[in-house]
Each structure stands twice: as structure tokens, then as C-alpha cells.
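Worksheet: the structure to be examined is printed underneath.
The values are calculated or read from the model by the stated rules, or taken from the named source; none is laboratory data. Every value quoted in this text rests on a predicted model; they were computed, and no experiment measured them. Here the Cβ positions follow ideal geometry from the backbone for every residue, glycine too, while neighbour counts run over all protein chains shown.
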Amino acid sequence: MPTLSTGDIAPDFTLPDPDGTPVSLSSFRGQKVLLYAYPTASTAGCTTQACDFRDNMASLQSAGYQVLGLSPDTLEAQKRFRDEEHVPYPLLCDPSRDVLEAYGAWGEKQLYGKTVTGVIRSTFVIDEQGVIEQAMYNVKATGHVARLRKDLQLD
């Protein structure tokens, strides 16, 4: 499975948010983006991670970052998740998994001791020109945003 590294151009995409509105990575040029891939809306780990980003939005935005969540969920599942958890940033729907694959966030992983194919929980820090500053794979849901804030020197 190909993965992204520092200095790579972030693959551009256009995906719908839960309301069906198209969101393109290229529309964020001139802004820094935190794109995180998660397996399934409304599950324990994904809820923890989404709420952690939500709870840190003020400081992330004041540092110039836009947050985007990405999963293979349907619009309906993402909408329910967004509304139940009051997620203030776009949750993007990639049921074809094309974008997840382009970012190296779809493939084989270990789950409870078994090898399965699915979303590899990942986060990508993308600069204002659309270049990958950091590509983090197999991140943990709990504590990830705190680690990210430390790596980005936001604390």
C-alpha cells in the first residue's frame, strides 16, 4: 500500500459533506488543513477522536488550521454523527474509498489480533500550498489531538 510522506503533494479531491455539499481540498489553498481518516461514524474510538478535534477547534483555528474528517460512511451516517456530537467541521463521505486509498489510509490492518481490510486511522497535516507536512498512520483515537498539538507546537 503506498503511503504519503513529508513533501508529497496532497492528492486533491472533491467529496460530499453530510448535506451533500461538495468540498474540495483545493478550495482550502492558502490555509493549513488537518485531514483525519477514521473508520466508522458513531463508534467509540471515532467519537472520541471527532470530539477531541471539536473540543480543540478554537485553538486549532486560531493557529490557522481547518479540520476535515474523512470516512467511508454514507451521508446519512455522517449527518447523524455530526448532529449528535455537534461536530463543527466538515465530515467527508468517501464510500468508494478512492480518497482513502490515495492517502494510503485504506488497507490491511490488525484488529483484535486478526488481519482485516479497512480504514487505517490516519492524520495528514497539509500546508497552505497543498503539500504534506506530516503523514501519521495507525494513530490512536485517544490522546491523538494532544500529541498533534504538541507536534505542531500549539501548546
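Within the option set THR40, THR6, being over 16 Å from GLY143 (Cα atoms), at pLDDT below 95, of a type in the set (Ser, Thr, Tyr) and in contact with a strand residue (DSSP E or B) (Cβ under 9 Å, 6 or more places away or on another chain) holds for one residue only, THR40.
Being within 13 Å of the chain's Cα centre (by Cα) and at pLDDT below 95 holds for only one residue in ALA141, ALA105, ALA58, and it is ALA141. Listed conditions (1) of a type in the set (A, V, I, L, M); (2) in contact with a Pro (Cβ under 9 Å, 6 or more places away or on another chain); (3) outside any strand (DSSP E or B); (4) buried (at least 19 other Cβ atoms within 10 Å of the Cβ) are all met by LEU92, apart from (3).
Quick one: is VAL99 of a type in the set (A, V, I, L, M, F, W, C), out of contact with any Pro (no Cβ under 9 Å at 6 or more places or on another chain) and modelled with pLDDT of 90 or more? Spell out the reasoning first.
Numbers: of a type in the set (A, V, I, L, M, F, W, C): yes; out of contact with any Pro (no Cβ under 9 Å at 6 or more places or on another chain): no; modelled with pLDDT of 90 or more: yes.
Answer is no for this residue.
Would you check if SER24 is hydroxyl-bearing (Ser, Thr, Tyr) and closer than 19 Å to ARG149 by Cβ? It is false that SER24 is hydroxyl-bearing (Ser, Thr, Tyr) and closer than 19 Å to ARG149 by Cβ.
Would you mind finding the one in GLN153, GLN66, GLN134 that is of a type in the set (S, T, N, Q) and assigned to a loop (DSSP other than H, G, I, E, B)?
Details: GLN66 fails: assigned to a loop (DSSP other than H, G, I, E, B); GLN134 fails: assigned to a loop (DSSP other than H, G, I, E, B).
Within the list GLN153, GLN66, GLN134, the selection yields GLN153.
Scanning the stretch 54-77 for residues that are closer than 16 Å to ALA105 by Cβ and touching a residue at least 40 places away in the same chain (Cβ under 8 Å) yields a total of 4. Of the residues making up the stretch 59-83, those that are surrounded by 15 or more Cβ atoms within 10 Å (Cβ to Cβ) and small (Gly, Ala, Ser) are GLY69, SER71, ALA77.
Which of the residues that make up the stretch 95-125 are among the small types (Gly, Ala, Ser), under 27 Å from ASP55 (Cβ atoms) and in a strand (DSSP E or B)? Matches in the stretch 95-125: GLY118, SER122.
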